[in-house]
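Data first, discussion second: the structure below is written as structure tokens.
Quick note: the coordinates plus some simple rules give every number you see, no bench work behind them. Please read these numbers as outputs of a predicted model, since none were measured by experiment. Note: ideal-geometry Cβ built from the backbone for every residue, glycine included; neighbour counts use all protein chains shown.
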Amino acid sequence: MVQTYFQLKSKFVAREVGGELVVVPLTGNIAHMNELFTFNATAKLLWEELGPESTEASLAKALLDTYEVDEATAAADVKKFLARLEEMAAKY
Amino acid sequence: MINELIFRVAGCDILVRSDAEFDLEEGYLPYVVERPVSVAGKGTEYSPEITITAVPGIPRDLLSGRELLFDAENEFQKFYSIYELPGGLGFAIYNQQTHSELQQVAVLNNDYSEWVVYYDANELPALPLRYPFGPIMLHYLTLKIDAVMMHASCAFDGEKGRMFTGFSGVGKSTISKLWAADGSRILNDDRLIIRREGEEYRVYNTPMYYADIPKVAPLTGIFLIRHHPVNDLKRVSGARAVSKVMAFSIQNNFDARYVSQRLAFFSELVSVVPVYELGFVPDASVVSYIREHEDHS
């Protein structure tokens, strides 16, 4: 399931700005031109970690390795991040 | 009637030539300049940033079977479609009165420097750059010169150039009129080009449907505006500023290279030029409110 989100990355261009990420969809229609996304530092890390072999557990571990958070918080952040990707996947 | 001319937008020369005589829409005429004189013996050759060759007659099969890359249409209007061609891009551009009739076919080379625009040979007067071709061409000029085109208005009070941007209907024209009443010069209230020059950014107006002289101003602030019960100014920065400002630029985001270039431009822009979210009351109070608060928000 998580791996399918990895394919989503190719539909966007991202750039770090001040520790956060601006994520812009590649689109073939003018209707989506005004829709850009911003990811905070946590989501940025997860976006960068998201690979073809990623799992919820591997993403949570990336958070645990980087931030001083407990496992429950890391798992919740991953679920929140994936929910956001789900919304983006529905559009692009 | 003419068959060669040069007009200058954002400091860039655009040469239009044709074997047939043609006219330009009224809005372009104040931008027309003399052809620069080559310096004798220096071996210098005039080289405009853009050359447009206008050809009467629309080759209706030029784009058939080509891969569609981008559709510029909304629920009300079809503007243009972009197709992949060997060595460049092909554009089908639609009449904005009839909404669906093919008005021009245009071909752009890979370095955005050479256009061939085919227009209706029966059209009188012959207007090969008829809207919306002009803004499309200028959008690709901004990619060539690493600039951006914004849906925005700009007011220059002789010291500061303040750009106001946002969705249609948020008050760009309204706030421009308020600044004009205060004595500021208005660049225009729709399509502006931002270009980096040295350590600063400048704003240029572009040809509109009405005649207006070319104008330029230093860009000292970008205001993301909305109507509000009280005047309220808040500085935004970083990723939020980039995404908010870029959202109101003119973009053809089917190519990752374009998006990367834009992201780099806006990232640098917001690191130099302050960006504010402005809720405003549509009366003269907003002018003094901005002056009092913009450097302290």
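For the residue pairs A:K44/A:K80; B:K172/B:K244; A:K9/A:K44; B:K78/B:K244; A:K79/B:K244, the alpha carbons lie more than 18 Å apart in B:K78/B:K244; A:K79/B:K244. Only Lys, Arg, Asp and Glu carry charge here, each on its Cβ (+1 for the first two, -1 for the last two); on that basis the range A:2-91 has a dipole of about 440 debye about its Cα centre. Would you tally the net charge around B:Y119, using a Cβ to Cβ cut-off of less than 15 Å, leaving B:Y119 out, and scoring K and R as +1, D and E as -1? Counting the neighbours of B:Y119, the net charge comes to -4. Long hydrophobic helices in chain B: the complete DSSP H runs spanning 18 Å or more by Cα along their own axis with mean Kyte-Doolittle hydropathy of at least -1.0 are B:256-272.
Taking B:P86, B:P214, B:P128 in turn, the Gaussian network model of chain B (Cα-Cα springs below 10 Å) assigns the largest fluctuation to B:P86. The calculated pair-distance distribution of the protein assembly as shown uses every alpha carbon pair, bins of 10 angstrom beginning at 0, and gives 5, 20, 27, 25, 16, 6, 2, 0 percent.
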